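The values are calculated or read from the model by the stated rules, or taken from the named source; none is laboratory data. Predicted, not measured: the structure shown is a model, and the values here were computed from it. As a convention, Cβ positions derive from the backbone with ideal geometry for all residues, glycine included, and neighbour counts pool all protein chains shown. The accessibility values were calculated without ligands, DNA or RNA, using every heavy atom of the protein model including side chains. Shrake-Rupley method; radii C 1.70, N 1.55, O 1.52, S 1.80 Å.
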Amino acid sequence: MTEKACTTVLVGKKASIDGSTMVARNDDTFLPLAPHRFYMHPAESGVDETIVSSQNGFTAKLPANGYRHSAVPNIDPDRDGIYDESGFNEKNVAMSATESVYGNPKTLAYDPLVPNGLAEDTMPTMVLPYIDSARMGVEYLGKLIAKYGSPEGNGVIFSDKDDVWYMEIVTGHHWVAQRIPDDSYAVAANQVAIQQVDFNDPDNFMWSDGIQEFVEKYHLNPDHEGWNFRHIFGTDTEKDRHYNTPRVWYGQLYLNPEIEQDPQSSELPFIRQASRKITVEDVGNILSSHYNETKYDPFGHGDDKDRLKFRPISMNRTQNSHVLQIRNDVPEDRSAIFWLNFGVPAFSPYVPFFNNATDTDPSYSATKQTMNLDDAYWMYRAVGSVVEGHYSQFIQKNVDYVTASKEFLRGRVAEIDRQAAELSGEELTKFLTEANHQTVAAMKERTMKHFNDLLATGLTLSKLTFNMDKNL
């Protein structure tokens, strides 16, 4: 099974600058290259299909009818698994799966993982086409976990225009989900995040059947008071303090710079209220960060013991980074935008795709297995490789490119909204589909110009040079 190691950011609608809900995640693998594609799966009716995982043999019958939905899978599902990872369905319900999390040995002893259960590789395919709301997503997935069990720990994100839910599946059958308060945000990073659970508040918490009795029966609650899901089911190890908690610390530092915290603290809060309204760019900046402007930045000038101490958020093995935004200040038929970053997030922009579309540009939907600059995945990764290879010489050029791209793309969304204002139905869907293609074409032109400029400059940086006489 492919291991994952991701970072998640969740934003309630009153915490964002424009009333949007936003859910976002870096999809990290243990390989620097694992080609992905981005496509629209059409709605289905009356199908008779059984899904079989190439990773763990999980087998299940799919429902006969499913909504159109977007997905960002591996390009070779037979070898690498499906891993649809993230997307919207046509009801503007978002799902991102998963944030790998880990139950502790004591809880797993009494509810072991199920080797052939429902895992990340098939989870979005089994859930996203069949749900009408974020809450329904938690309920639907919860029933599947009860039926099939889970072979791994997973944090799963659901959102719609009103609600953001984070669900943590930590043992073979037990899980808890928490609704992110409208005025708050959350950051999660490969460690059980949810803390105190209020079983008298079903509007904001959901949980697996029998979880309270399970904890009581096996004496799993270490606290004198309360019911802290992180304490009961999570881990608290040296690896967590170097690999996981510092990423949560940095995300909270970015949005709450006035609060001093220890990056290795095991008690960083899951839910926070930011010191300002949160933008799409803020979320992207967190996911593209590497402890910027701190002594822990691997590109910084600090001591090696600090620069190499913590695992950064943006990595060369981030295969895609996404922000799934659902706006509340425009009509629902153009409210959902999939901001997709196919490169190393530290060096690449987030490109917006309107969800109400029937396909994606072939440069996204038909990614090849080998390097070629016609594919978005390879083009953006090539830029990142060149920039990192000459970081000190190229970083400002790249910052300028990303900054200009952000300005262009925000303006692009506004212009598409303006042109779409009088459209509806199939006419609007056709327009937004074509607008997405035009955005891709414009970004390809910008990005290849930047890439060619980097290469031309790079030719002047060779160490195989010697200046003594202009004629020699």
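Calculation over all alpha carbon pairs of the range 360-462 in 10 angstrom steps from 0 returns a P(r) of 13, 37, 30, 14, 4, 0 percent. Working note: Karplus 6.51/-1.76/1.60 with θ = phi - 60° gives the range 380-385 the couplings 5, 6, 5, 4, x, 5 Hz, where Gly and Pro are set to x.
What value in Å³ per residue do you get for the convex hull of the alpha-carbon atoms in the range 3-345? Could the numbers behind the result be given before it?
On the way: hull volume 44.3 nm³, N = 343.
Given the Cα convex hull of the range 3-345, per-residue volume reads 129 Å³.
Computed from backbone phi with θ = phi - 60° and the Karplus coefficients 6.51, -1.76 and 1.60, the 3J(HN,Hα) list for the range 123-131 is 4, x, 5, 7, 10, 4, x, 10, 10 Hz; x is used for glycine and proline.
For the full complex of protein chains and a 1.4 angstrom probe, list 48, 121 by accessible area with the highest value first.
Descending accessible area places them as 48, 121.
For residue 207, the residues whose amide H sits under 5 Å from its own are 177, ignoring neighbours fewer than 5 places away on the same chain, with H placed 1.01 Å from N. Scanning the chain for trypsin sites (Lys or Arg not before Pro) that sit in a DSSP loop and have at most 11 other Cβ atoms within 10 Å, the longest stretch containing none of them is 1-275. About its Cα centre, the dipole of the chain is roughly 1160 debye, where the only charges are +1 on Lys and Arg Cβ and -1 on Asp and Glu Cβ.
Couplings for the range 174-187, taken from phi via the Karplus curve 6.51 cos²θ - 1.76 cosθ + 1.60 with θ = phi - 60°, read 10, 7, 9, 10, 10, 7, 6, x, 4, 9, 10, 9, 8, 10 Hz in order; Gly and Pro are left as x. Taking every alpha-carbon pair under 8 Å whose residues sit at least 6 apart, the chain reaches a relative contact order of 16 percent.
Only helices enter the 222 nm calculation for the chain: every DSSP H run of n ≥ 4 contributes -39,500 (n - 2.57), and dividing by all residues gives -9500 deg cm²/dmol, rounded to 500.
Assuming 0.36 nm per residue, please report the length gained on full extension of the stretch residue 183 to residue 422 beyond their Cα-Cα distance. Present the calculation step by step, with values, prior to reporting the outcome.
Details: separation 239, 0.36 × 239 = 86.04 nm, distance 3.23 nm.
In short, 82.8 nm is gained.
Of the chymotrypsin sites (Phe, Trp or Tyr not before Pro) found in the range 366-472, those that fall in a DSSP loop while having at most 15 other beta-carbon atoms within 10 Å are 466. Taking chymotrypsin sites (Phe, Trp or Tyr not before Pro) across the range 179-247, the ones in a DSSP loop with at most 12 further Cβ atoms lying within 10 angstrom of their Cβ are 199. Qualifying GluC sites (Glu not before Pro) in the range 280-343, where qualification requires a DSSP coil assignment and no more than 14 other C-beta atoms within 10 Å, comprise 293. In this structure, the amide hydrogen of residue 15, modeled 1.01 Å from its nitrogen in the peptide plane, lies closer than 5 angstrom to those of 184, counting only residues at least 5 positions away or on a different chain.
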